[in-house]
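The values are calculated or read from the model by the stated rules, or taken from the named source; none is laboratory data. Everything numeric in this text was worked out from a predicted model, so none of it was measured. Every residue, glycine as well, gets a Cβ built from its backbone with ideal geometry; the counts of neighbours run over all protein chains shown. In case anyone asks, the SASA skips ligands and DNA or RNA and just uses the protein heavy atoms, side chains included. Shrake-Rupley method; radii C 1.70, N 1.55, O 1.52, S 1.80 Å.
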Amino acid sequence: MCIVTVMSIGLTLLGLLEPGPRHGYDLKRAYDEHFGQDHPLHYGQVYATLSRLLKNGLVELEAVEPGAGPDRKRYAITDAGVTDLDGWLGRPEQPEPYLSSTLYTKVVLALLSGRPAAEILDTQRTAHLALMRTLTRRKAAGDLADQLVCDHALFHLEADLRWLELTTARLDALAQEVVR
Amino acid sequence: MTATPLLVGRDLHRTFGATPALAGASIAVRPAEIVAVMGPSGSGKSTLLHCLAGILRPDAGQVRYGEVDLSAAADATRSALRRTEFGFVFQFGQLVPELTCVENVALPLRLAGTRRRPAERTAREWLERLEAAEVAGKRPGEVSGGQGQRVAVARALVTEPRVVFADEPTGALDSYHGEQVMRLLTEAARRTGASVVLVTHEPRVAAYADREVIVRDGRTRDVELVG
């Protein structure tokens with residue numbers, strides 16, 4: 001489950017920098033703790049993103065500390081970075097239209113080819129419920145942050161299951177429309 | 001899972017007037033297993049629960065609880081089993097409005113002959129486990145829906161039954177309180193080793209179970225009856 005898309009990693013790092021300057025290593029740790037339980041960031045991603053933010057004037061180097069290895073750089077958010085972050089947080093995410101579904105395609109193809117469409121829906125239901133059980137168990141063992149992440153997934157899976165139920169109930173009618 | 005089933009319903013049929021509610025439903029529930037019975041409204045899932053619990057007698061088919069043929073047993077035997085071996089949670093708690101919550105929870109123990117003081121002591125312990133200690137002295141009309149359902153769960157578990165039957169236990173609650181009831185119900189059942197037959201049409205509620213059985217038009221599919 002990846003809760004931060006690639007596009008928003010830069011903005012997420014800006015958000016983590018806003019309370020105060022940090023090293024790349026600290027940023028990765030903070031990111032992984034809050035958002036990366038299933039998909040921790042690679043160091044390469046952190047430094048590539050930071051150099052892009054630096055080039056665009058959204059962060060600046062606050063300090064360069066010499067160490068045993070490469071110099072340790074401390075990054076700070078700039079005013080332009082705060083403006084970008086502010087704009088992003090205030091803008092609603094585009095609601096996903098969910099208008100193209102592989103499952104719908106499979107159901108129609110099954111009806112067209114005379115295969116048992118109800119079985120496709122049943123198999124999918126079993127897979128969805130199995131994942132929901134896994135997430136529910138994880139929720140029981142997790143902290144509040146983990147519970148909320150799992151709930152987000154559970155509500156979406158539940159929506160899919162409601163669709164599966166409704167489609168199962170309307171299979172005969174759909175078959176009449178599709179197979180003409 | 002290989003344990004011998006504790007409760008088995010085999011090829012159950014039940015008609016109400018001209019309406020068939022069950023038309024060949026089968027289910028097996030193993031000790032300490034939580035099974036969700038799912039299906040759309042009117043699919044027969046509540047009728048299945050009532051047959052399994054010995055509340056209804058099936059027209060055809062058999063219900064076995066351990067060595068007892070529940071579908072053929074005398075009313076007195078079935079009543080005794082319901083009192084001593086089974087616990088029940090319904091959509092609306094069905095608490096006795098004149099009694100306080102702790103008296104409601106203690107009721108099954110009192111009916112089984114336990115004296116008031118020890119029965120209420122045990123009832124209070126169960127209210128604490130169900131995070132409802134604060135309502136012990138209140139009457140059901142004075143508590144919220146979520147609190148009432150937690151009291152109902154405490155009442156269902158107070159005798160430490162071997163099977164808990166829960167029929168849409170969160171049906172009248174919002175998501176947050178419904179999840180809380182499910183978490184507490186399943187935790188408590190796992191602690192006491194009770195099996196749970198959980199009827200629900202909500203996938204998020206069913207996800208608290210170990211597996212699901214789907215009922216559609218009074219029938220179940222692909223149910224293994226032998227452990």
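Using only side-chain charges placed at the Cβ, +1 for Lys and Arg and -1 for Asp and Glu, the dipole size of the protein assembly as shown relative to its Cα centre rounds to 1220 debye.
Projecting the Cα atoms of B:A72, A:V107, B:Q62 onto the dipole axis of the protein assembly as shown, where Lys and Arg carry +1 and Asp and Glu carry -1 at the beta carbon, places B:A72 farthest toward the positive end. Using the Cβ-Cβ distance between A:A169 and A:A48 with R0 = 41 Å, the FRET efficiency computed as 1/(1 + (r/R0)^6) comes to roughly 0.25. Residues of the range B:191-212 that bury at least 40 Å² of accessible area when the other protein chains are present, relative to the chain alone (probe 1.4 Å, heavy atoms, ligands and nucleic acids excluded): B:P203, B:R204, B:A207, B:E212. The C-alpha atoms of chain B define a longest principal axis, and helix B:175-192 lies at about 80 degrees to it. Relative to one another, the C-alpha centroids of the range A:49-90 and the range B:6-65 are positioned 63 Å apart. Taking the 1.4 Å solvent-accessible surface of the range B:156-203 as the whole, the part contributed by carbon and sulfur is 45%. Highest GNM mean-square fluctuation among A:T134, A:T83, A:T102, for chain A modelled with Cα contacts below 10 Å: A:T102.
Solvent-accessible surface of chain B, taken per residue with a 1.4 Å probe and all protein chains present: 44 Å². Considering only A:P66, A:P95, A:P19, the mean-square fluctuation computed in a Gaussian network model of chain A, springs between alpha carbons under 10 angstrom, is largest for A:P95.
Of the residues B:Y65, A:Y43, ranked by 1.4 Å probe accessible area with the largest first, the sequence reads A:Y43, B:Y65.
Leaving out ligands, DNA and RNA, calculate the buried accessible area for the pair B and A with a 1.4 Å probe, summed over both sides, in Å² to the nearest 100. Counting both chains, the buried surface is close to 1400 Å².
Mean projected area of the Cα convex hull of chain B, taken over all directions, amounts to 12.0 nm². As a ratio to 2.2 N^0.38 Å, the alpha-carbon radius of gyration computed for the protein assembly as shown takes the value 1.26. Counting only alpha carbon atoms, the long axis of helix B:116-129 and the longest principal axis of chain B meet at about 80°.
Distance distribution note for the range A:63-180: the fraction of Cα pairs above 19 angstrom is 68%. Rolling a 1.4 Å probe over the protein heavy atoms of chain A, with every protein chain left in place, gives an accessible area that is 57 percent carbon and sulfur. Once the Cβ-Cβ distance between A:E96 and A:A127 is put in as r, and R0 is 22 Å, what FRET efficiency do you end up with, to the nearest 0.05? Efficiency for this residue pair is about 0.60. Note on chain A: with a GNM built from Cα contacts shorter than 10 Å, the maximum mean-square fluctuation among A:L103, A:L14, A:L58 falls on A:L103.
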